[in-house]
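The values are calculated or read from the model by the stated rules, or taken from the named source; none is laboratory data. All figures in this text were calculated on a predicted structure; none of them were measured in a lab. Here Cβ is always computed from backbone atoms with ideal geometry, including for glycine, and neighbour counts include all displayed protein chains. To get the accessible areas, we keep the full protein, side chains included, count just its heavy atoms, and leave off ligands, DNA and RNA. Shrake-Rupley method; radii C 1.70, N 1.55, O 1.52, S 1.80 Å.
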Amino acid sequence: MTTETTAPATEPILAVDNLGVDFWVDGEWYPAAVDVSYEVRPGEVLAIVGESGSGKTQSSMSLIGLLPANGRATGSAKLAGRELIGLSHSRLRHVRGNDVAVIFQEPMTALNPVYTVGFQIIETLRTHREIGPKQARERAIELLTMVEIPNPELSVDKYPHQLSGGQRQRAMIAQALALDPKLLIADEPTTALDVTVQAEILKLMRDLRHRIDSGIVLITHDMGVVADLADRILVMKDGRIVERGTADDIFNRPQHAYTQQLLSAVPHLGSQSFSQDTVVGTARVTERARPAAHGSAEGGADVFVAKDLVIEYPKRGRIPAFRAVDGIDLTIGQGEVVGLVGESGSGKTTVGRAAVGLLPVVGGSLTIGGHEMRGIGSKELRQVRDHVSIVFQDPGSSLNPRLPIGESIGEPLFLHKIAKGAELDRRVESLLDQVHLARGMRNRYPHELSGGQRQRVGIARALALSPKLLVADEPTSALDVSVQARVLELFQELQREYGFACLFISHDLAVVEILSERIAVMHKGKLVEQGPREQILRSPEQDYTRRLLSAVPVPNPAEQRKRREMRDRLLEEAAARTGMRKTVVSVDEIEAAGGGIQTRSDTNP
């Protein structure tokens, strides 16, 4: 029994047989994928899961010739009977976008930063279709509307850096869907999305396969997404397929020990009993004593204090100044973790960037370690940054591509004159050990690592200076579940050792539940609710918080299917009551279906 009933098809849309991927490194071929074989039929979703570095992404990128220059692919991969392996670059250009589309893991590096998102969608349309510029622009706006980009008529002319992480991901999904491809390769398609938008993106992907009978290869570590969307699952480890089966078989009757370990590491929202010892998957997380009030248990001073905080993005050309954070109050004490949650565009990342001086404070007050950030000078800001670090959401764009990762991790220690020479090497190796990366990786460059490995490098770099305040912006979003469990344990170990305060920004409420003592909920630039995690997660006061919790996917195919059917039924009822023909309806509208429709709008620049 699968999560979806697919129509029988005599021929697969994609047939992969004995596929191998190797990389030439230091005079030797290293295998990344070995003997990979599978089929994808029209209207079917095949999920490929496994730890970062297991070969799931590289085996899929090899299908359309997107391996690095030192990579090679062997074996066979046929798209509707047409061999892809060994196809010339000129012929592959006709396949890419037109027949096969890819949703990449890191939108900031996949989108061209010097072109607007609308231009990039229009370019895709006009490259493969006979269509005029006016019609192409209208289609681009339609696609941005379909994936719920706020104000699509204006957003079509925005650059990638002017959108939030989740909005950039949606723009890239719109580009991938532009030509109704036969095969969609979705590499972590919902990594940067909050749970409410994630639910709608998953619905879009299901609609795509039924509308044009597309096959979908879903590469992800989010088992809730797999339970929601997948018909069949491949489990990969060390470049090989160790188990395959229907979603029902893999989730409920896993056979391989690695599959069992992978599923046991999945964090479940509501699974925490708030006892002193909590088990997270295969890793045990021991909670330290709760701090008193907003300070540390030892009465330490507050490290982060926001009072009526206002943050605006300045005016640029014809685009007026935008108020991203509007009058919030938030305090973080020494040694305390506060989870900041909300939809993409709600302003949560903006708060984190202001804490490290990357955005100016225009109203109210923000005090970091005793330093007032409003109107702060460059000399005082350097002093603040001695004690504040940040883990960025997008590791691909935050690491210098020209530096080996060992130099990236050691750079803060060297620049702040903390260590050099042999001592610097020792500190770098220790940090690599702490984030579970092999010491030999210190000489590799960011492009030679998987997305999850790059994220761990970013965490190690942020921890290098032993900060008093750590701003963690989606620090586990790119990590597979087994590594995520170890990283969460690492976070708590380092906190007990160094006692730093942490602003933990995330859309993964199960992770926030594990780490945070208090949770603050943002919506449209305002702080709508905050309190102890038990109160926020068990008995929230605000409707928005309840809607946010209700949209969390459940890593159980049968239960998730029931939730999806109910959501789809509410969508139909909402559309019938308003008489509107909408491809995408927000979760806010679903929840409001019984008493009128409320149109949701994001507030990100």
Within segment 408-418, does at least one residue satisfy the condition of being free of Cβ contacts under 8 Å to residues at least 24 places away in the same chain and either within 30 Å of GLY342 (Cα to Cα) or not basic (Lys, Arg) (or both)? yes
Over segment 1-20, the set of residues open to solvent by less than 60 Å² (accessible area, probe 1.4 Å) and modelled with pLDDT of 50 or more is PRO12, ILE13, LEU14, ALA15, VAL16, LEU19, GLY20
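In segment 306-330, what count of residues is obtained for those that are touching a strand residue (DSSP E or B) at 6+ places or on another chain (Cβ under 8 Å) and more than 29 Å from GLU517 (Cα to Cα)?
The initial filter retains those residues of segment 306-330 that are touching a strand residue (DSSP E or B) at 6+ places or on another chain (Cβ under 8 Å), namely 306-313, 321-330.
Filter again for more than 29 Å from GLU517 (Cα to Cα), leaving 313, 321-322.
Matching residues across segment 306-330 total 3.
In segment 344-383, which residues are of a type in the set (Ser, Thr, Tyr) and either under 24 Å from the mean Cα position of the chain (by Cα) or within 25 Å of GLY166 (Cα to Cα) (or both)?
First pass over segment 344-383, keeping only residues of a type in the set (Ser, Thr, Tyr): 344, 346, 349-350, 365, 367, 378.
Result: SER344, SER346, THR349, THR350.
Residues ARG316, ARG290, ARG253: which one is surrounded by fewer than 23 Cβ atoms within 10 Å (Cβ to Cβ) and modelled with pLDDT of 90 or more? Walk me through it before giving the result.
On the way: ARG316 fails: modelled with pLDDT of 90 or more; ARG290 fails: modelled with pLDDT of 90 or more.
Criteria check complete, one pass: ARG253.
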Scanning segment 466-475 residue by residue, the ones that are at pLDDT below 85 and either on the phi < 0 side of the Ramachandran plot or of a type in the set (A, V, I, L, M) (or both) total 1
Residue ranges of strands (runs of 3 or more DSSP E) in segment 316-421 with at least 1 members among the basic types (Lys, Arg): 322-333
Exactly one of (1) farther than 30 Å from VAL528 by Cβ; (2) surrounded by fewer than 17 Cβ atoms within 10 Å (Cβ to Cβ) is unmet by GLY410. Its number? (2)
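Okay, residues lined up against (1) within 26 Å of PRO42 (Cα to Cα); (2) of a type in the set (Ser, Thr, Tyr):
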{"residue": "ASP228", "(1), (2)": "yes, no"}
{"residue": "ARG232", "(1), (2)": "yes, no"}
{"residue": "VAL235", "(1), (2)": "yes, no"}
{"residue": "GLU243", "(1), (2)": "yes, no"}
{"residue": "THR246", "(1), (2)": "yes, yes"}
{"residue": "ILE250", "(1), (2)": "yes, no"}
{"residue": "HIS256", "(1), (2)": "no, no"}
{"residue": "GLN261", "(1), (2)": "no, no"}
{"residue": "HIS268", "(1), (2)": "no, no"}
Single match in ASP425, ASP508, ASP433 (criterion: within 20 Å of the chain's Cα centre (by Cα) and either basic (Lys, Arg) or open to solvent by 10 Å² or more (accessible area, probe 1.4 Å) (or both)): ASP508
Filter result (open to solvent by less than 30 Å² (accessible area, probe 1.4 Å) and in a helix (DSSP H, G or I)) within segment 548-562: LEU548, PRO557, GLN560
Members of segment 99-127 that are crowded, with 17+ Cβ neighbours inside 10 Å, under 29 Å from GLU83 (Cα atoms) and not β-branched (Val, Ile, Thr): ASP99, ALA101, PHE104, GLN105, GLU106, PRO107, ALA110, LEU111, GLN120, GLU123, LEU125
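Which one is most open to solvent (accessible area, probe 1.4 Å), of the residues in segment 441-466 that are of a type in the set (Gly, Ala, Ser) and touching a Leu at 6+ places or on another chain (Cβ under 9 Å)?
Residues of segment 441-466 of a type in the set (Gly, Ala, Ser): 450-452, 458, 460, 462, 464, 466.
Cutting the leftovers down to touching a Leu at 6+ places or on another chain (Cβ under 9 Å) gives us 451-452, 458, 460, 462, 464, 466.
Values: GLY451: 7, GLY452: 2, GLY458: 15, ALA460: 0, ALA462: 5, ALA464: 4, SER466: 50 Å².
Filtering segment 441-466 for residues that are of a type in the set (Gly, Ala, Ser) and touching a Leu at 6+ places or on another chain (Cβ under 9 Å), the one most open to solvent (accessible area, probe 1.4 Å) comes out as SER466.
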Which ones in segment 21-54 are open to solvent by less than 10 Å² (accessible area, probe 1.4 Å) and of a type in the set (Gly, Ala, Ser)? ALA33, GLY43, ALA47, GLY50, SER54
